[in-house]
Amino acid sequence: MVADSSFTDLIRRPVIAAPMAGGPSTTKLIAAATQAGAVGFVAAGYKAAQAMRADIDAVTAVTSEPYGVNVFVPGSRPSAPSPRSRS
């Protein structure tokens, strides 16, 4: 990730290599996408912090182009709605 790159620089890129958690996203794919002028995203969903760091380091090692990291934290399931009282 390049700290001095602004959001407007990223949105000018015509293609986004979407993160696919548990899927075909690899650090090589992200690096290749960014070097080709797209915005690549490291798929960090379901990964431990150490695995995320390793992927970020791997992409940074091969490209100086900006890229993103998709991070999400699954929440708990919502509780069942309370039954409505009938009058």
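No value in this document is a laboratory result; all are computed from the given coordinates. Just so it is clear, the structure is predicted and the values come from calculations on it, not from any experiment. Here the Cβ is made from the backbone with ideal geometry for all residues, glycine too, and neighbour counts use every protein chain on show.
Compute the length gained on full extension between ALA32 and MET20: take 0.36 nm times their separation in residues and subtract their Cα-Cα distance, giving the result in nm to one decimal. Walk me through the numbers on the way to the answer.
Values: separation 12, 0.36 × 12 = 4.32 nm, distance 1.56 nm.
Computed gain between ALA32 and MET20 is 2.8 nm.
In Å and from the alpha-carbon atoms only, list the Rg and Dmax of segment 7-70.
That works out to 10.9, 31 Å for Rg and Dmax.
What nm value, rounded to one decimal, do you get for the distance between ALA51 and ARG12 when each label is placed 7 Å out toward the C-beta?
3.6 nm
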